[in-house]
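Engineer: Let me give you the structure first, and then I'll get to my questions.
The values are calculated or read from the model by the stated rules, or taken from the named source; none is laboratory data. Every value quoted in this text rests on a predicted model; they were computed, and no experiment measured them. With ideal geometry, Cβ positions are generated from the backbone for all residues, glycine too; neighbour counts draw on all protein chains shown.
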Amino acid sequence: MEFPPDLETLDRLVAGALFWLKTRVVNWPVLIQAGMIVGLFGLARIGGGRLKPGAAAWVARWFNRPRTPPALKRLGEEAPRLVPWALLLILLWLASGVVERTAADFFRGGWLLRTAASLTFAWIAIRLATSLIRTHVLARTAAAVIWLIAALNILQLLGPTIAVMDAAAIEVGELRVSVLMVVKGVLSLAVLLWAATALSGVLERRFQAVPELTPSVQVLLAKLAKVTLVVLAIVIGLKSIGVDLTAFALFSGALGVGIGFGLQKVISNLVSGIILLMDKSIKPGDVVAVQDTYGWVKSFGARYASVITRDGIEHLIPNEEFITQRVENWSYTDSKVRLKVPIGVSYDSDVRLAMKLAVEAAAEEPRVIDEPAPKCLLIEFGDNSVNLELRLWIADPQEGVRNIRSAVLLRVWDKYHEAGVQFPFPQRDLHVKGPVAVRLQEEGSVGGGTPRPR
């Protein structure tokens, strides 16, 4: 059939549709069956609402056990919602049986009741099958699409519908694009992309379960597997609907220009992420400092890395910054980090005792490691104090740095007060010149020359 159809073909289609409605729909047997279906649907809604709590409790008792597989748990969660539909299916089967045994000739075999029962059974089976899909919206969409196809097949309208969709087409060069082709392409791509995503998730969990692989290698393999599967899904989906992939070679030049200008940052971040995972300079779990951000790397994405600070703020830092900026990795080869804690004591205090007490205070802190041992050095004789520097090592920088400084200084404070070690305070010596010297100085300043004695 050509599209758009001519007037003669259109008249023939309209006449056929009207004849089908008159003979199969607009008559008393069919209208009575339709009324019976509506009534049974109402009874099923009322009865199913009362049976739902009991069904949910029974399912929870049998399906929510610790060793129950996740797939069975999802089936158990979906089953109570289908109780009204299951009750409707039973009522339709009973009504169809009664009609066939008592007044089959009048109701023309009860074909509408049987069709409604078949559609209800298909809906229940499809809902149970699609409940295995974790995404709620995707599961409902898949259920609606599959049920629509099943309904057209049950009503024997699938063939004519496909013919009409295939006839509605336009020519784009040598490529014929029809509604059927678009629908098939969308459905096939959706199914293939979902399968690729699910398979990549399974592979990612498998990679994480291998202890011989480092976290960076696990992330790299998972990302490469996901990208490969998604590309294969797109290629297979396009080939399945008859699209010649060689036609896309015409757009390769424009695509390269678009990537070079419009997608420059995106491609740069993607490549930077792959480089970081390959050279293992930064990996999940590392403690890093990038400009003003200090935290631990939670995960790597295709475009950015997630860095969580001690404040609980999650920073999404583009991968490119880890390549172009100066980055401090506090756990690159070793998680041990040395901290320097400045301390000042008064000139009247025992400096050797102060250094000993500072080392003892650091050694008593649980987070300070014993090897290398804490040390205290005399740095300089300052204007107001003798300046010391306590050097200590920790092995868990992800737990914070300022908090360990605070804890050590608090212990130093207590020990110094117990031992009588004094903390300094600013001191200044003020020398007051005599009035004559001051006057001569002022005269010399005002005159611009050397002051002359009088």
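Engineer: Quick check: anything in segment 366-380 more than 28 Å from the chain's Cα centre (by Cα), touching a residue at least 40 places away in the same chain (Cβ under 8 Å) and at negative phi? Show your work before the answer.
Structural biologist: Step one: filter segment 366-380 for residues more than 28 Å from the chain's Cα centre (by Cα), giving 366-380.
Within this subset, residues satisfying the condition of being touching a residue at least 40 places away in the same chain (Cβ under 8 Å) are 367-368.
Narrowing further to those that are at negative phi: 367-368.
There is at least one residue in segment 366-380 that is more than 28 Å from the chain's Cα centre (by Cα), touching a residue at least 40 places away in the same chain (Cβ under 8 Å) and at negative phi.
Engineer: Considering segment 218-233 alone, what residues qualify as being under 18 Å from the mean Cα position of the chain (by Cα), among the β-branched types (Val, Ile, Thr) and surrounded by fewer than 19 Cβ atoms within 10 Å (Cβ to Cβ)?
Structural biologist: Val227, Val230
Engineer: Quick one: how many residues across segment 403-454 are in contact with a Gly (Cβ under 8 Å, 6 or more places away or on another chain) and at pLDDT below 50?
Structural biologist: In the first step, residues of segment 403-454 are kept if they are in contact with a Gly (Cβ under 8 Å, 6 or more places away or on another chain); the result is 423-424, 450-451.
In the following step, the residues that additionally are at pLDDT below 50 were identified as none.
Count: 0.
Engineer: Return a yes/no flag: does segment 150-170 have any residue that is assigned by TED's automatic domain parsing to the domain that holds Leu91, crowded, with 16+ Cβ neighbours inside 10 Å, closer than 30 Å to Gly97 by Cα and at pLDDT 75 or above.
Structural biologist: yes
Engineer: If I filter segment 375-408 down to residues being outside any helix (DSSP H, G or I) and touching an Asp or Glu at 6+ places or on another chain (Cβ under 6 Å), which single residue comes out as nearest to Ala363 (Cα to Cα)?
Structural biologist: Here is the first cut: in segment 375-408, the ones outside any helix (DSSP H, G or I) are 375-396, 400-401.
After this cut, where a residue has to be touching an Asp or Glu at 6+ places or on another chain (Cβ under 6 Å) as well, the list is 377, 379, 387.
On the way: Leu377: 15, Ile379: 20, Asn387: 20 Å.
Looking at residues that are outside any helix (DSSP H, G or I) and touching an Asp or Glu at 6+ places or on another chain (Cβ under 6 Å), I get Leu377.
Engineer: Is there any pair with a first residue in segment 121-132 that is assigned by TED's automatic domain parsing to the domain that holds Leu82 and a second that is aromatic (Phe, Trp, Tyr) and surrounded by 15 or more Cβ atoms within 10 Å (Cβ to Cβ) whose Cβ atoms are under 8 Å apart and which are 6 or more apart or on different chains, and what are they?
Structural biologist: From segment 121-132, the pairs are Ala122/Trp147; Trp123/Trp85; Trp123/Trp147; Ile124/Trp85; Ile126/Trp147; Arg127/Trp85.
Engineer: Say we look at segment 137-148 and pick out the residues that are aliphatic (A, V, I, L, M) and surrounded by fewer than 16 Cβ atoms within 10 Å (Cβ to Cβ); which of these is nearest to Leu180 (Cα to Cα)? Give the derivation first.
Structural biologist: Within segment 137-148, the subset aliphatic (A, V, I, L, M) is 137-139, 142-146, 148.
From what's left, surrounded by fewer than 16 Cβ atoms within 10 Å (Cβ to Cβ): 137-138, 144, 148.
Values: Val137: 24, Leu138: 21, Ala144: 18, Leu148: 15 Å.
Residue satisfying both the conditions and the ranking: Leu148.
Engineer: Out of (1) out of contact with any helix residue (DSSP H, G or I) (no Cβ under 6 Å at 6 or more places or on another chain); (2) of a type in the set (A, V, I, L, M, F, W, C); (3) outside any helix (DSSP H, G or I), the odd one out for Ile274 is which?
Structural biologist: (3)
Engineer: Please determine, by comparing only the residues of segment 303-315 that are within 16 Å of Val401 (Cβ to Cβ) and hydrophobic (A, V, I, L, M, F, W, C), which one is surrounded by the fewest Cβ atoms within 10 Å (Cβ to Cβ).
Structural biologist: Ile308
Engineer: For segment 283-302, which residues satisfy the criterion of being at negative phi and surrounded by fewer than 17 Cβ atoms within 10 Å (Cβ to Cβ)?
Structural biologist: Ala289, Asp292, Thr293, Lys298, Ser299, Gly301, Ala302
Engineer: If the requirement is being basic (Lys, Arg), closer than 27 Å to Trp413 by Cα and either in the same structural domain as Pro284 (by TED's automatic domain parsing) or in contact with a helix residue (DSSP H, G or I) (Cβ under 8 Å, 6 or more places away or on another chain) (or both), which of these qualifies: Arg303, Arg352, Arg367?
Structural biologist: Of Arg303, Arg352, Arg367, the one residue that is basic (Lys, Arg), closer than 27 Å to Trp413 by Cα and either in the same structural domain as Pro284 (by TED's automatic domain parsing) or in contact with a helix residue (DSSP H, G or I) (Cβ under 8 Å, 6 or more places away or on another chain) (or both) is Arg367.
Engineer: I would also like to ask the following. Here are the criteria: (1) under 21 Å from Asp286 (Cα atoms); (2) modelled with pLDDT of 90 or more. Tell me which single one Glu328 does not satisfy.
Structural biologist: (2)
Engineer: Exactly one condition in (1) at pLDDT 85 or above; (2) of a type outside the set (D, E, K, R); (3) surrounded by 17 or more Cβ atoms within 10 Å (Cβ to Cβ); (4) outside the structural domain of Ile274 (by TED's automatic domain parsing) is false for Pro318; which is it?
Structural biologist: (4)
Engineer: Given the condition within 29 Å of Glu204 (Cα to Cα) and surrounded by fewer than 19 Cβ atoms within 10 Å (Cβ to Cβ), answer yes or no: does some residue in segment 334-350 qualify?
Structural biologist: yes
Engineer: Then there's this: For the condition within 53 Å of the chain's Cα centre (by Cα), among the acidic types (Asp, Glu) and closer than 30 Å to Lys298 by Cβ, what is the one hit in Glu360, Glu399, Glu389?
Structural biologist: After ruling out the rest, the residue left standing is Glu399.
Engineer: Looking only at segment 381-401, how many residues end up being surrounded by fewer than 17 Cβ atoms within 10 Å (Cβ to Cβ), closer than 25 Å to Asp311 by Cα and free of Cβ contacts under 8 Å to residues at least 60 places away in the same chain?
Structural biologist: Within segment 381-401, residues that are surrounded by fewer than 17 Cβ atoms within 10 Å (Cβ to Cβ), closer than 25 Å to Asp311 by Cα and free of Cβ contacts under 8 Å to residues at least 60 places away in the same chain number 1.
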